[in-house]
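Q: Attaching a single structure in structure tokens format; questions to follow.
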Amino acid sequence: MIFRQLFDSTSGTYTYLLASRRGGEALIIDPVLERVDRYLQLVRELDLKLVKAVDTHLHADHVTGLGALRDRVQCVTVMGEQSHADVVSMRVSEGDRIAIEGVSLDVLYTPGHTDDSYSFLLADRVFTGDTLLIRGTGRTDFQNGDPRAQYDSIFNKLLKLPEETLVFPAHDYKGDTVSTIGEEKRCNPRLKVRSIDEYVDLMNNLKLPNPKMMDVAVPANMHVGLRQEEIARRGWALSAAEAIALCERPDVAMIDLREKSERDKYGVIPGSLHAPYADLAANIRVGGMLHELAKATGKRVVFYCAFGERSAMAVQAAQDAGLTSACHIEGGISAWKKANGPLLR
Ligand SMILES: [Fe+2]
């Protein structure tokens, strides 16, 4: 496995790059905007294809690299379903998996530092965001933080993992890079409390100054959605209502770009075909499934996904590949559902 821990010294942020092999798909956790060039250089050097960029929560101390990475390499952006970010490509919740080729992260909802804080478990290691730090825990005094919820996330979820599980946090300010669950149980001063009330008391009396970047980072991180006006201006976007009118028409091929887990969880548009975003390049090139389908049947190709991000990127790529009938459903299944479009489970 390829595993890289990268550090942004300005914000003390750790970013993790994961892949199962050289030449394969890669995933990045908690990228920092200013470091995006470096990440992409490393991705190229290791001959990887960055397909997913994930944030453990909405950060207050640095601007996320999610939007920039998506714009640069058309990767899928992922955050928890509670996230206050305007649009990410995919939202996950407790029990979901974030998968790329050869790597699968179990999604643990661990609120407390913020109400959108998640941890991700990968076999022998857990990425704890700002929930559990090395000899510390993330502050709970802003962004809907809640020390009670954090106690529960730490004591009833993270500390229940095997003692030898490696702990990789989103930050460190002291120079530590990794710990284990067992080590934190024994040595983390914040966890030496006898009750939840004692923990709440401790967290409510930290009296920390706000992060320097907070006034810049929080608003910036709430607006990471892909700007879809250009796609719409070119006439490549359908509103949910317009798309509903085309549902199951013989001259239209609705193409679902989501992953199987999202289809199972949220339902699919009746009559649509499944062609995951990860396979897009192969599907739209000459000889590819979608290219041939459009050519042979003359059907109009209508892409959709969860929120319209992947489908907007797919429309652009399909148009570039000569599929001139390609368009997408703006706002994805989320908008479709709000407009009372039919869904099959
Ligand atoms: Fe944070």
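The values are calculated or read from the model by the stated rules, or taken from the named source; none is laboratory data. Nothing here was measured: the structure is a model prediction, and the numbers come from that model. Cβ atoms come from the backbone with ideal geometry, glycine included; neighbour counts cover every protein chain shown. Each accessible area value is taken on the protein alone, full model and side chains, heavy atoms only, with ligands, DNA and RNA left out. Shrake-Rupley method; radii C 1.70, N 1.55, O 1.52, S 1.80 Å.
Q: Restricting the first residue to the stretch 156-175 and requiring it to be over 12 Å from residue 131 (Cα atoms), which pairs with a second residue that is part of a helix (DSSP H, G or I) and not β-branched (Val, Ile, Thr) meet a Cβ separation below 8 Å and a spacing of at least six or different chains?
A: That search, which allows pairs on different chains as well, returns 163/182; 163/185; 164/182.
Q: Here is a check on your reading of the model: is residue 30 in contact with a Lys or Arg (Cβ under 6 Å, 6 or more places away or on another chain) and acidic (Asp, Glu)? Lay out the reasoning, then the answer.
A: Working: in contact with a Lys or Arg (Cβ under 6 Å, 6 or more places away or on another chain): no; acidic (Asp, Glu): yes.
So residue 30 does not fit the description; no.
Q: Also, I was wondering about something else. Considering only residues of the stretch 80-111 that are within 20 Å of residue 24 (Cα to Cα) and not acidic (Asp, Glu), which is surrounded by the most Cβ atoms within 10 Å (Cβ to Cβ)?
A: The selected residue is 105.
Q: Being buried (at least 18 other Cβ atoms within 10 Å of the Cβ), free of Cβ contacts under 8 Å to residues at least 60 places away in the same chain and closer than 19 Å to residue 251 by Cα is the filter here, so list the residues in the stretch 312-345 that pass it.
A: 318, 323
Q: Return the only residue of 77, 15 being open to solvent by less than 10 Å² (accessible area, probe 1.4 Å), within 16 Å of the ligand (Cβ to nearest atom) and in contact with a helix residue (DSSP H, G or I) (Cβ under 8 Å, 6 or more places away or on another chain).
A: Of the residues listed, the single one that is open to solvent by less than 10 Å² (accessible area, probe 1.4 Å), within 16 Å of the ligand (Cβ to nearest atom) and in contact with a helix residue (DSSP H, G or I) (Cβ under 8 Å, 6 or more places away or on another chain) is 15.
Q: Looking only at the stretch 51-63, count every residue that is part of a strand (DSSP E or B) and open to solvent by less than 10 Å² (accessible area, probe 1.4 Å) and tell me the total.
A: Quick first cut of the stretch 51-63, residues part of a strand (DSSP E or B) only: 51-54.
Subset that is open to solvent by less than 10 Å² (accessible area, probe 1.4 Å): 52-54.
Count: 3.
Q: Residues in the stretch 26-47 that are within 15 Å of the chain's Cα centre (by Cα) and either at pLDDT below 95 or not hydrophobic (A, V, I, L, M, F, W, C) (or both): how many?
A: Selection size over the stretch 26-47: 2.
Q: Still on this structure, I have one more. If only one of 42, 58 is of a type in the set (A, V, I, L, M, F, W, C) and under 23 Å from residue 222 (Cβ atoms), which one is it?
A: Among 42, 58, only 58 is of a type in the set (A, V, I, L, M, F, W, C) and under 23 Å from residue 222 (Cβ atoms).
Q: Out of the stretch 149-175, which residues are more than 16 Å from the ligand (Cβ to nearest atom), farther than 16 Å from residue 118 by Cα and open to solvent by 60 Å² or more (accessible area, probe 1.4 Å)?
A: If the condition is that a residue be more than 16 Å from the ligand (Cβ to nearest atom), farther than 16 Å from residue 118 by Cα and open to solvent by 60 Å² or more (accessible area, probe 1.4 Å), then 162, 163, 164, 174, 175 are the ones that fit.
Q: Another question about this same structure. Just the residues that are part of a loop (DSSP other than H, G, I, E, B) and away from the ligand (no atom under 15 Å from the Cβ), please, taken from the stretch 106-130.
A: Within the stretch 106-130, 123, 124 qualify.
Q: Looking only at the stretch 208-217, decide whether some residue is exposed (fewer than 12 other Cβ atoms within 10 Å of the Cβ), away from the ligand (no atom under 16 Å from the Cβ), of a type outside the set (Ser, Thr, Tyr) and not in a helix (DSSP H, G or I).
A: No, because not a single residue in the stretch 208-217 is exposed (fewer than 12 other Cβ atoms within 10 Å of the Cβ), away from the ligand (no atom under 16 Å from the Cβ), of a type outside the set (Ser, Thr, Tyr) and not in a helix (DSSP H, G or I).
Q: What about residue 140, is it hydroxyl-bearing (Ser, Thr, Tyr) and within 16 Å of the ligand (Cβ to nearest atom)? If you could, list the steps in order and put the result at the bottom.
A: On the way: hydroxyl-bearing (Ser, Thr, Tyr): yes; within 16 Å of the ligand (Cβ to nearest atom): yes.
In short, yes.
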